[in-house]
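In what follows, a structure is listed as structure tokens, so that the remarks can point back to it.
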């Protein structure tokens, strides 16, 4: 069902694995829980730091292919740092648009 939200009252992204890109060096990959005044709440989160030497694109592609290696049970990405939120499955298509 297109547009169906499994949990009424939640965002359409609720429960989906997403990529949260920031204006800084960090990119988060995890399950979207909710978004509020604190920021974007993610569960089972992997964090990529652009200063690590691995390109962000390679990290996300690897996460998509082999699964997200959750390093943190829960992370809140402050709202002012969020540049873009994209479902992991459509990240490559969104990046090329």
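The table that follows gives values for the structure above.
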quantity: Scan of segment 60-83 for residues that are in a helix (DSSP H, G or I), out of contact with any helix residue (DSSP H, G or I) (no Cβ under 8 Å at 6 or more places or on another chain) and either in contact (Cβ under 8 Å) with a residue 60 or more places away in the chain or under 13 Å from residue 19 (Cβ atoms) (or both), ordered by number; calculated: 62
quantity: Some residue of segment 37-44 being exposed (fewer than 13 other Cβ atoms within 10 Å of the Cβ) and modelled with pLDDT of 90 or more; calculated: yes
quantity: Matching residues, segment 33-50, being outside any strand (DSSP E or B), in contact (Cβ under 8 Å) with a residue 40 or more places away in the chain and farther than 12 Å from residue 74 by Cβ; calculated: 37
quantity: The lone exception for residue 88 - which of (1) under 15 Å from residue 13 (Cβ atoms); (2) out of contact with any helix residue (DSSP H, G or I) (no Cβ under 7 Å at 6 or more places or on another chain) it fails; calculated: (2)
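The values are calculated or read from the model by the stated rules, or taken from the named source; none is laboratory data. No experiment lies behind these values; they were computed from the predicted model shown. All Cβ positions, even for glycine, are placed from backbone atoms using ideal geometry, and neighbour counts span all protein chains on display.
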